[in-house]
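Bear in mind that the values in this text are calculations on the coordinates, not laboratory data. All figures in this text were calculated on a predicted structure; none of them were measured in a lab. Reconstructed Cβ throughout: ideal geometry from the backbone, glycine too, with neighbour counts over all protein chains shown.
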Amino acid sequence: MAARRVHPFSRFYEHYLGEHRHPTCRLLHFLGSWLVIAVVVVAIVTRRPGVLLIAPIVGYGFAWVGHFFFEKNTPATFRQPCFSLAADWVLWWQITTRRRSLSGSA
């Protein structure tokens, strides 16, 4: 079955949340996003831009573990990488500001 592309972003985000129902998957996305921020800060503070090369590894690594082992689905990154990246940060922001919980409830 061909992967369905969803537009506009608001509809994509609804679909994205449906693909991230498992609390552990959301937690792993959240932690991976924080690690990406930490990597960026370390790169800036140490003035070593090469450190940024590990940012996608930690960010996507945590997220993909959540998908493959907990959600048991394919990450949206493979279908719509730009929307998926934006949605990761929207979810991170919503959890950080407590507009959405790690358990999935708003």
Which of 48, 26 has the fewest Cβ neighbours within 10 Å, and the rest in rising order: 48, 26
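If you place +1 on the Cβ of every Lys and Arg and -1 on the Cβ of every Asp and Glu, how big does the dipole about the Cα centre of the chain come out, in debye to the nearest 20?
Numbers: 12 positive and 4 negative charges, 24 e Å.
For the chain, the charge dipole is close to 120 debye.
Would you please give the FRET efficiency between residue 44 and residue 99, computed as 1/(1 + (r/R0)^6) with r the Cβ-Cβ distance and R0 = 25 Å, to the nearest 0.05?
Numbers: r = 28 Å, r/R0 = 1.11.
Taking R0 as 25 Å, the efficiency between residue 44 and residue 99 is 0.35.
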Principal axis dimensions, the chain - Cα atoms, whole angstrom, descending: 44, 31, 28
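Quick one: net charge around residue 92, please, counting Lys, Arg +1 and Asp, Glu -1 for every other residue with C-beta under 13 Å from its C-beta.
Numbers: positive: 26, 98, 99, 100; negative: 88.
Every neighbour counted, the sum reads +3.
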Candidates 55, 76, 38: whichever shows maximal mean-square fluctuation once the chain is modelled as a Gaussian network with Cα springs under 10 Å: 38
Cβ-based charge dipole, the chain, positive-most Cα from 90, 46, 77: 90
